[in-house]
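Laboratory data are not the source of any read-out in this text; all were calculated from the coordinates shown. Computed from a predicted model, the values in this text were never measured in an experiment. All Cβ positions, even for glycine, are placed from backbone atoms using ideal geometry, and neighbour counts span all protein chains on display.
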């Protein structure tokens, strides 16, 4: 076999090996996707925050079988049982409008772990393993904290906005009262200034009238003295 033939065989073997490796990798990825996939509760995620991080965290504590089980009718089953007296509520945690509950059905020694929003069940996991039920419950509680962050923040911002608006209205009311007081003070000051001006004018006029009256009085007194002297003219002095 010549050198060229050997090179062609080596290249063909390399291509076959690469194709085989790619097929194995693709099959491994497909298998891992099928075993690790999560089935969400149909028709319930639309009302929840559509964030990728929240979606990844929502089923972190669930196996694929538990996720499929939740989608298989546990929500409807729990909704029917919740009104009876055989179901015991062990724990419930609320964060905003979201909540998580750990329920126990003693007749079958079965635990129901529920994640809900505004008292509407979103996910329900059914298990007879108490440790597993507690783990899922804690994970659901963690999810309620994440899901309610924006809701709680919005509630706080609404309260802060309403408080600020009330403070603005209060300050505006105080400003209006102060402005009214200032207007009254200015008006009264104008009235007083006018009265003072009139009083000064009257005082000036009265002073002039007084001076004129005093001049008239002195003139009358002189006239009386002159008439008195004329009347007593020729009479013996004392």
- Task: Arrange the following residues from fewest to most other Cβ atoms within 10 Å of their Cβ: 145, 75.
- Result: 145, 75
- Describe numerically, in nm with one decimal, the distance between label points set 7 Å from Cα along Cα→Cβ at residue 138 and at residue 79. 3.1
- Using 1/(1 + (r/R0)^6) with R0 = 35 angstrom and r between the beta carbons of residue 221 and residue 193, what's the FRET efficiency to the nearest 0.05? 0.25
- Compute the FRET efficiency between residue 175 and residue 208 as 1/(1 + (r/R0)^6), taking r as their Cβ-Cβ distance and R0 = 45 Å, and round to the nearest 0.05. 0.35
- Task: Determine the shape class of segment 61-148: with a ≥ b ≥ c the square roots of the Cα gyration tensor eigenvalues, call it rounded for a/c under 1.5, and otherwise prolate if a/b is greater than b/c, oblate otherwise.
- Result: rounded
- The extension gain from residue 184 to residue 150, computed as 0.36 nm times the residue separation minus the Cα-Cα distance, is 7.2 nm
